[in-house]
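Remarks on the structure that follows.
The values are calculated or read from the model by the stated rules, or taken from the named source; none is laboratory data. Quick caveat: nothing in here was measured; it's all calculated off a predicted structure. Neighbour counts run over all protein chains shown; Cβ positions are idealised from the backbone, glycine included.
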Amino acid sequence: MIITVTYVIYLLISLIVTVWVARTLSTNGYLFLVDGFNGDEALARSVNHLLVVGFYLINMGYVSLALRFGVKPTNLSEAIEVLSTKIGLVLLVLGVMHFFNMKVINTFRERLMRRANRRPATA
C-alpha cells in the first residue's frame, strides 16, 4: 500500500510542478520570443506553444520512466526518501530543460538580430 501511495504522491507533485513551470516559462518567455522574432507575435506564439508541448512531452516522459526505477519503499521513512529523490530529479530535469531552452532561444535571437543589424539587449 505504501508503494502505491508514494507513487501517486510522486505523480501528483511532478505533474503540478511541471504544469506550473511550463505555464510560468510560457507566460514570461513570450515577450522574450516576440523580441527575438522582431515583433512577429504570431510566430512567437507558435514557437512558444511548440516549446511548451515539447517541454511537457520530455518531462512527463521522464516522470513516467523514473517511476519504475529506484528503491521500492516499505516504510514511511523510505517513502519520504524515495519521494525526495524522485522529485529532486524531476526538478533538476526541469531546470536543465529551462536553461537549454533559454540557450537555444537566445542563440536564435542573437542570430536574427545580427541579420537585422540590431544588437541584442545585454544585462
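Before moving on, here are some points about what is shown:
- Only one entry in Leu31, Leu67 is assigned to a helix (DSSP H, G or I), within 19 Å of Ile3 (Cα to Cα), modelled with pLDDT under 90 and among the hydrophobic types (A, V, I, L, M, F, W, C), namely Leu67.
- Failed item in (1) outside any helix (DSSP H, G or I); (2) of a type outside the set (A, V, I, L, M, F, W, C); (3) surrounded by 15 or more Cβ atoms within 10 Å (Cβ to Cβ), with Lys72 passing the rest: (3)
- Some residue of the range 18-37 being more than 30 Å from Leu112 (Cβ to Cβ) and of a type outside the set (Val, Ile, Thr): no
- Residues of the range 96-109 satisfying the condition of being surrounded by 14 or more Cβ atoms within 10 Å (Cβ to Cβ) and at pLDDT below 80: Asn101, Ile105, Phe108, Arg109
- Sole residue being part of a helix (DSSP H, G or I), surrounded by 14 or more Cβ atoms within 10 Å (Cβ to Cβ) and over 17 Å from the mean Cα position of the chain (by Cα), chosen from Val17, Val82, Val93: Val82
- Out of Ala44, Ala22, one residue alone is crowded, with 16+ Cβ neighbours inside 10 Å, under 11 Å from the mean Cα position of the chain (by Cα) and part of a helix (DSSP H, G or I). It is Ala22.
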